[in-house]
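The next block holds one structure in the form of structure tokens; read it before the comments.
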Amino acid sequence: MNITAGSDRSLSTVGLGRWKIPTLAVVGGLFGLAAVALRLEGRRWWCRCGRWTPWMGDIWGPHTSQHLFDPYSFTHIEHGLVFHAMLRPLARWLSPSQRTVLALAGETLWEIAENTQPVIDNYRKAALARGYEGDSVANSLGDIASCALGLYLASRLPARWSVALFVGMEIALVTVYRDNLILNVTMQFVPIRAVEDWQMSR
Ligand SMILES: [Zn+2]
């Protein structure tokens, strides 16, 4: 990648050597890559219920992670906020569009890794995810789009507003759904029985 910090303030192109590629084309390519990889991993396109509702608000039902958006979409907006903050120190070397592409590539790899069979089996052990069969392709693409929204918001908002947004979403998610990004990640690695019981006893 070339070093175009400061010269490319728009998100229109990504510089690769002397090539300028439209950022939208690269992002579109990431969505395509995710769709192909997830299909190869055996994921279904859409919820088995077959209803074309883009949003499903019930995280304890069988439609979770099967439609385009659900409450977990907010955790992917949070990914965008976190990626933006993590990549900020690279601003001297990478343009905003390069950092956006890097973050979305990370999110795409996360989605592909998250939907491999061993990770799905691990998720299934978590209280809220019994019977979980992996995300649908549509849901994964919705997750990447949510991450893109988080990156966009973080690029527009003052840093303290991004932090406030992250904290606000975490509090709202845990209050309404008894789950949020920090809990979700923590429970993957250190399942806490008391938290599981609390999540199940809604
Ligand atoms: Zn459904």
What pairs come up if the first residue lies in segment 35-54 and is β-branched (Val, Ile, Thr), the second is surrounded by 12 or more Cβ atoms within 10 Å (Cβ to Cβ), and their beta carbons are under 7 Å apart, counting only those six or more places apart or on different chains? Thr53/His67
Within segment 37-53, which residues are away from the ligand (no atom under 11 Å from the Cβ) and farther than 21 Å from Ile112 by Cα? none
So Val119 fits all but one of (1) modelled with pLDDT of 90 or more; (2) surrounded by 13 or more Cβ atoms within 10 Å (Cβ to Cβ); (3) part of a helix (DSSP H, G or I); (4) not polar (S, T, N, Q); what number is the exception? (1)
Being crowded, with 18+ Cβ neighbours inside 10 Å and within 16 Å of the ligand (Cβ to nearest atom), is that true of even one residue in segment 73-83? yes
Going through (1) closer than 23 Å to Leu68 by Cβ; (2) touching a helix residue (DSSP H, G or I) at 6+ places or on another chain (Cβ under 8 Å) one by one, Val185 fails only at (2)
Sort out which residues of segment 131-168 are of a type in the set (Asp, Glu) and not in a helix (DSSP H, G or I), and write them in order of number. Glu133, Asp135
Suppose the filter is under 30 Å from Leu24 (Cβ atoms) and either surrounded by 20 or more Cβ atoms within 10 Å (Cβ to Cβ) or in contact (Cβ under 8 Å) with a residue 40 or more places away in the chain (or both); does Ala113 pass it? no
Taking segment 56-72 as the region of interest, how many residues are more than 11 Å from the ligand (Cβ to nearest atom) and either free of Cβ contacts under 8 Å to residues at least 40 places away in the same chain or in a helix (DSSP H, G or I) (or both)? 1
Test: Leu104 is in contact (Cβ under 8 Å) with a residue 40 or more places away in the chain and under 20 Å from Val137 (Cα atoms): yes
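The values are calculated or read from the model by the stated rules, or taken from the named source; none is laboratory data. On a predicted model such as this, the values are computed, not experimentally measured, just so you know. In this analysis, Cβ positions are derived from the backbone assuming ideal geometry, glycine residues included, and neighbour counts consider all displayed protein chains.
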